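**Student:** Here you go, one structure.
The values are calculated or read from the model by the stated rules, or taken from the named source; none is laboratory data. Everything numeric here is computed off the predicted structure, so don't read it as measured data. FYI the Cβ positions are ideal-geometry reconstructions off the backbone, even for glycines, and counts take in every protein chain you see. Protein only, heavy atoms only, side chains kept; ligands, DNA and RNA dropped before computing areas. Shrake-Rupley method; radii C 1.70, N 1.55, O 1.52, S 1.80 Å.
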Amino acid sequence: MKPAPLHYRRAGSIDHAVELLVAEDGDAKILAGGQSLVPLLSMRLAQPTALVDLGGLPELSYIRDTGDSVEIGAMTRTREVETSPLIGQAIPLLPAALRYSGHVTIRNRGTLGGSAAHADPAGEVPSVLRALDAQFVVAGPRGQRTVAAADWFHGFLLSAVEPDELLVAIQVPKQQPGTGVAVEEFARRHGDFALVAVFGALRLDPAGLIAEARLTVAGAGSVPIRADAAEQMLTGQTPGAELIHAAASAVAEATEPGDDIHAPAEYRRTLSQVLARRCLDRILPSIERSAAA
Ligand SMILES: Cc1cc2nc3c(=O)[nH]c(=O)nc-3n(C[C@H](O)[C@H](O)[C@H](O)COP(=O)(O)OP(=O)(O)OC[C@H]3O[C@@H](n4cnc5c(N)ncnc54)[C@H](O)[C@@H]3O)c2cc1C
């Protein structure tokens with residue numbers, strides 16, 4: 001199929017993009033890398049009156065060290081984020097997750113902002129940004145506002161950005177030195193969307209107790225799932241097999257999967273538990289070794 005008729009508009013600045021969105025009365029769609037939007041247009045699952053293309057805005061493509069955080073422009077290509085030495089050193093969970101996001105060709109075109117705004121609960125970007133407590137900077141006719149990751153994901157393919165707004169940047173707090181990270185994903189083929197993926201980060205204190213735990217799950221609900229109870233269960237404890245087993249069960253309990261054509265809910269819940277255990281099992285030896293060194 002071909003897209004329904006629409007107008008193509010190319011924004012010349014952030015303010016111009018907002019003007020174009022306002023002029024279309026909420027019926028326009030922003031075009032970033034087009035990796036999700038173009039298939040949706042072609043299948044006529046999206047029928048906007050206009051596309052507002054951000055492709056001519058180099059000011060939205062950057063990776064900037066801002067001290068305790070790294071700010072990433074919304075139009076920064078996913079592959080650029082994945083291969084950034086600054087991000088690799090300061091936020092290792094982010095590139096670890098992006099390696100699973102589609103194929104390199106898709107990551108060469110797709111943008112971090114596009115994935116964050118698209119808010120696919122099976123996508124890696126939403127879940128990893130939820131795990132890292134990212135902040136989303138949005139511009140619109142009412143000025144700029146910043147939204148915390150906990151308030152960003154409203155439902156299936158639904159984020160906090162309003163139809164007359166655009167996401168301009170994502171601020172990602174740096175991870176503490178010595179934090180161990182792992183991603184465990186199950187997909188039918190490499191590059192496919194995850195059936196389930198678990199994103200984890202752990203840090204030990206000098207006494208060997210878990211000082212910080214972060215765990216999120218993709219593909220197990222209408223939004224990325226933050227496993228708060230599992231994180232609390234781990235924090236302040238001495239790592240061990242029983243604790244990991246209990247935390248992995250708590251991760252599965254936090255999920256809210258539904259039945260769909262790809263898998264029944266119970267399968268996804270069980271997978272969440274298995275992948276959470278594997279994720280924690282992978283992280284712990286690496287941080288215990290670095291703490292002992
Ligand atoms: C074959 C294939 C496999 C894929 N596999 C995966 C996968 O395994 N995991 C995964 O997570 N993704 C996967 N994707 C999706 C891909 O990663 C996303 O499409 C892409 O990252 C979305 O970013 P984009 O820049 O292409 O956004 P677009 O497709 O241009 O836009 C997506 C949506 O976000 C909105 N939007 C974009 N930018 C902004 C902005 N700045 N402000 C407000 N709204 C905005 C658009 O209006 C649109 O609704 C796959 C895609 C393909 C084609």
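**Student:** Of the residues that sit in region 126-145 and are over 10 Å from residue 218 (Cβ atoms) and β-branched (Val, Ile, Thr), which one is farthest from the ligand (Cβ to nearest atom)?
**Tutor:** Only one residue tops the list, namely 137.
**Student:** Could I ask something else about it? Can you find a residue that is more than 8 Å from the ligand (Cβ to nearest atom), open to solvent by 50 Å² or more (accessible area, probe 1.4 Å), not assigned by TED's automatic domain parsing to the domain that holds residue 141 and not in a loop (DSSP other than H, G, I, E, B) anywhere in region 20-34?
**Tutor:** Yes.
**Student:** Still on this model: Hey, can you tell me all the residues within region 96-125 that are more than 6 Å from the ligand (Cβ to nearest atom) and closer than 21 Å to residue 153 by Cα?
**Tutor:** 97, 98, 100, 112, 116, 119, 121, 122
**Student:** Could you please give the count of residues in region 49-106 that are of a type in the set (A, V, I, L, M, F, W, C), in contact (Cβ under 8 Å) with a residue 24 or more places away in the chain, open to solvent by 10 Å² or more (accessible area, probe 1.4 Å) and in a helix (DSSP H, G or I)?
**Tutor:** Counting residues in region 49-106 that are of a type in the set (A, V, I, L, M, F, W, C), in contact (Cβ under 8 Å) with a residue 24 or more places away in the chain, open to solvent by 10 Å² or more (accessible area, probe 1.4 Å) and in a helix (DSSP H, G or I) gives 3.
**Student:** Among the listed residues 244, 287, 261, identify the single one that is closer than 26 Å to residue 99 by Cα, free of Cβ contacts under 8 Å to residues at least 24 places away in the same chain and either open to solvent by less than 20 Å² (accessible area, probe 1.4 Å) or in a loop (DSSP other than H, G, I, E, B) (or both).
**Tutor:** Step by step, each of 244, 287, 261 is checked, and only 261 is closer than 26 Å to residue 99 by Cα, free of Cβ contacts under 8 Å to residues at least 24 places away in the same chain and either open to solvent by less than 20 Å² (accessible area, probe 1.4 Å) or in a loop (DSSP other than H, G, I, E, B) (or both).
**Student:** Just give me the residues in region 35-46 being surrounded by 15 or more Cβ atoms within 10 Å (Cβ to Cβ) and part of a helix (DSSP H, G or I), in sequence order.
**Tutor:** 37, 38, 40, 41 - these are the residues of region 35-46 that are surrounded by 15 or more Cβ atoms within 10 Å (Cβ to Cβ) and part of a helix (DSSP H, G or I).
**Student:** Right, next: Starting from region 35-46, keep only residues that are within 20 Å of residue 111 (Cα to Cα), then list their pairs with residues that are of a type in the set (Asp, Glu) whose Cβ atoms are within a distance under 9 Å, requiring at least 6 positions of separation or different chains.
**Tutor:** 36/120
**Student:** Follow-up. Take residue 14 and decide whether it is in the same structural domain as residue 167 (by TED's automatic domain parsing) and in contact (Cβ under 8 Å) with a residue 12 or more places away in the chain.
**Tutor:** Against the criterion (in the same structural domain as residue 167 (by TED's automatic domain parsing) and in contact (Cβ under 8 Å) with a residue 12 or more places away in the chain), residue 14 does not qualify.
**Student:** Quickly run through region 220-234 and pick out the residues that are more than 29 Å from residue 117 (Cβ to Cβ) and open to solvent by less than 30 Å² (accessible area, probe 1.4 Å).
**Tutor:** 234
**Student:** Of all residues being in a loop (DSSP other than H, G, I, E, B) and away from the ligand (no atom under 14 Å from the Cβ) in region 1-12, which is nearest to residue 167 (Cα to Cα)? Just the residue, please.
**Tutor:** 12
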